[in-house]
Structure formats: structure tokens, C-alpha cells
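Presented below is the structure to which this report refers.
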Amino acid sequence: MPSRREELLRAALTERLDELCRERVAALHTAETNAHAAFVSELQAHVTGLRNESTATAQQQPAPGGWTEWEGDCPEALRRLSLGKALRAHSTPAPPAEPFLASLYEVRRKPTERLRLLAERYACPLNITCDSEREVREHLLERLMVQDRAQVESGRAESLSPEDVLLKLNLLAVYAAHTDDLRYLDALNYYYELDERLKLTGAEAWLAASFLGLYAGALTRWLNRKL
């Protein structure tokens, strides 16, 4: 029998998923995403289907057992995953984690460089779920919920790079669907609720859309398998 806490959490996540599908994703404007208008239209149709639990469960791609590569790049992979589409990936040796983590610390004040590093390492974003990436995930979570959050709550959200914030959110949304660690879902909740405090236009608008799709996927995964 579910505990009272689990019942409350299920009710909150169900309400959030319904709001996200019915209002937020439906309100996306394809004109704002330029070349990705077709992607946004497909995402709107897909997320509407996520309100059906059996469909949602069937469309979740399992986490890989180890490091994988696929033929595309990180942006294309995020769009596919946000649409519930599988990546045709193959196993490959994992690159060492410690040098990469050191590189992230070195560019902690250079969001453009961090974007490049993250997009290169996670060309297949499912690799963020690997055990070897635990410290990287913790670093990204800390950046979002400590440093970036401090900027937002002190009224300096405009000093953040929306693309940087959104790529971190996209990657952690991939992981949130495969973990029992509620901190990651909490981070997604926090930034979802910011809404207009992070202005998203132009090149990063598709990243905002893919984040919503991945967030919806994480919510359905929690509702179907965690609670």
C-alpha cells in the first residue's frame, strides 16, 4: 500500500504532467523555433499522447548498460529522446570521467565552453545515466541548484546563458527518468516553475521545447515505475 507521502507525490506529479501537456507544451509557438518548427509540432502531438500511461510506458527507452555511441549529435539526440524515439546506439569503451570533470571545473565561468564540452561528451545523451558519470551529474545539479539558482533569486537571471542552463536541464531530465533520486526531478520542477523569469528566444527555443518533452517523459516514468 502506498504511503501518505507517495500518495501526495503521485497527486502532485499527475497534476504537473497534466498542466505541462495541456497548457505549457500546447502554448509553444512554432514560429519562435525557426528551423525546428516541425519538431515542435511533433512534440506537441507526442506529449498529448503521454497522458495515456500505457503509451508513455511503451515509449520510454531503457538506460544503456554501458557507454554507447550513435550516428548523430547531441542536439539531434535530445530532440529524438524528447519525442520518445529510440536512438540506434552501439556499445563502445567509456572515455575517462576524471579529466572531463576537471575540464568542467576549469570552464565553470565560461558557459560557451561548457556547452561545447557537454555536447561533445554526451553526443549520445543516454550516457549521462552511466555509473561513471555520477560526479558529472552531481556537478551539473549543483550548478543549477546553487550557482545558477542564486543568480535567478537575486534578480540577475539575465546574466545566465539560457542555452547553458537548458542543456544542463535536458541532460538531467534524461537521467531523472532513470533514477530514484528525487533531487533531479526537483531541479526540473524548479526551473519549470520559473517560466518567464528565463527569457527563451531564438536559437535556444528548441532546447526549451525538448526540455519540456524530456520533463514530461521523466514525470510519466516516475508515475508508471517509481510510485
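A few notes on this one:
- Yes/no for residue 188 being closer than 17 Å to residue 214 by Cβ and either in contact with a Lys or Arg (Cβ under 9 Å, 6 or more places away or on another chain) or outside any helix (DSSP H, G or I) (or both): no
- Qualifying residue in region 198-209 (condition: more than 18 Å from residue 25 (Cα to Cα), surrounded by 14 or more Cβ atoms within 10 Å (Cβ to Cβ) and at pLDDT 90 or above): no
- So residue 121, is it over 21 Å from residue 46 (Cβ atoms), surrounded by 14 or more Cβ atoms within 10 Å (Cβ to Cβ) and basic (Lys, Arg): yes
- If the condition is being assigned to a loop (DSSP other than H, G, I, E, B) and crowded, with 18+ Cβ neighbours inside 10 Å, then region 126-159 contributes only 130.
- Residues in region 162-178 include at least one that is more than 21 Å from residue 116 (Cα to Cα) and outside any loop (DSSP other than H, G, I, E, B).
The values are calculated or read from the model by the stated rules, or taken from the named source; none is laboratory data. Predicted model, so just to flag it, every value in this text is computed and none were measured. Positions of Cβ are generated from backbone atoms using ideal geometry, with glycine treated the same way; all protein chains shown enter the neighbour counts.
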